[in-house]
Amino acid sequence: MKTELQDYPLTSTIIKLKTGRVQLTLIKEPDWFLEQLSREDSEGKLYLPYWTYLWESSIALARHVETLGTRLKNTTVLEIGCGFGLTGIVACKMGARLIFTDAEREALRFAHHNAEQNSVHQHTDFVQMDWNSPCFNSKFRYILAADVIYEEHHWQPIVTLLQDYLDPNGVALFSEPNRNNAIGFFKLLKTNGFTYQKSTHPVTLDKQTSQVSIYTIRRVNA
Ligand SMILES: C[S@@+](CC[C@H](N)C(=O)[O-])C[C@H]1O[C@@H](n2cnc3c(N)ncnc32)[C@H](O)[C@@H]1O
């Protein structure tokens, strides 16, 4: 995959974590790009390219991944909606082999670049994948997802993806900034054979502190 990002004004940031620092290259003016890259689908529904932002949910999930210690070592982990790649990069640092996926090719270019600059790219694959039509033929012990359940029409495809791709004893780790509608997704999970534990943590990004919830999701009979 081509990793030159010259089409964008760039900025970089360092995310400080317990196990070290992650350097990320980001888009400098995400608001402007959000407007430029927004488009309507065939049914007139507005699509906004949220990958142009780093979300606090990815920081919270990265911190949680750090707490897993050696559990990710030599495990192939799937991340959906990876955006700039922070969470997956931290999972790689914990010893995982990562399959980064996102519907947006441009997001994957950034995730690839960021994996390279944090020296974890030897253990990565980057796959353009829409969670409405996933493309794997294996199951995963861990699936990561930071801030992907913000729109209701995403819920059923994501639950179906978990049913199809989460190993019977696997764990899906989701993070989400306590949006009002999120409860609907977790109700749907429960009616589809999953159970979860939730914990909530403060995250400061761009000088603003917000609460992000981490969900550890398993099959009911795991
Ligand atoms: C709110 S952003 C979160 C990005 C990143 N995980 C983070 O927390 O910074 C949602 C991400 O999901 C991706 N996405 C949206 N719809 C998708 C779909 N149908 N299939 C796969 N990825 C999708 C977007 O491109 C974007 O990267």
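Bear in mind that the values in this text are calculations on the coordinates, not laboratory data. What you see is a predicted model, and the numbers here were worked out from it, not measured in a lab. No Cβ is skipped: glycine too gets one built from the backbone with ideal geometry, and neighbour counts run over all protein chains shown.
Here is how the numbers come out for the structure above:
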| item | result |
| --- | --- |
| Counted residues, region 155-184 - those being of a type in the set (Val, Ile, Thr), touching a helix residue (DSSP H, G or I) at 6+ places or on another chain (Cβ under 8 Å) and touching a residue at least 40 places away in the same chain (Cβ under 8 Å) | 1 |
| Residues located in region 73-132, provided they are touching a helix residue (DSSP H, G or I) at 6+ places or on another chain (Cβ under 6 Å), within 12 Å of the ligand (Cβ to nearest atom), among the hydrophobic types (A, V, I, L, M, F, W, C) and not in a helix (DSSP H, G or I) | CYS82, PHE84, PHE100, TRP131 |
| Among (1) within 15 Å of the ligand (Cβ to nearest atom); (2) farther than 26 Å from TYR142 by Cα; (3) in a loop (DSSP other than H, G, I, E, B) - the single one PHE33 does not satisfy | (3) |
| Matching residues in region 39-57 - criterion: being within 20 Å of the chain's Cα centre (by Cα) and not in a helix (DSSP H, G or I) | TYR47, LEU48, PRO49, TYR53, LEU54, TRP55 |
| Residue list for region 36-51, filter: of a type in the set (Ser, Thr, Tyr) and surrounded by 11 or more Cβ atoms within 10 Å (Cβ to Cβ) | SER38, TYR47, TYR50 |
| Leading residue by the ranking (nearest to VAL212 (Cα to Cα)) among those in region 134-152 that are of a type in the set (D, E, K, R) and within 9 Å of the ligand (Cβ to nearest atom) | ASP147 |
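So that you can scan it fast, the table gives a plain yes or no per residue for (1) part of a strand (DSSP E or B); (2) closer than 22 Å to ASN221 by Cα; (3) under 14 Å from the mean Cα position of the chain (by Cα):
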position: ASN137; (1), (2), (3): no, no, no
position: ASP164; (1), (2), (3): no, yes, no
position: ASN169; (1), (2), (3): yes, yes, no
position: ASN178; (1), (2), (3): no, no, no
position: LEU189; (1), (2), (3): no, yes, no
position: GLN197; (1), (2), (3): yes, yes, no
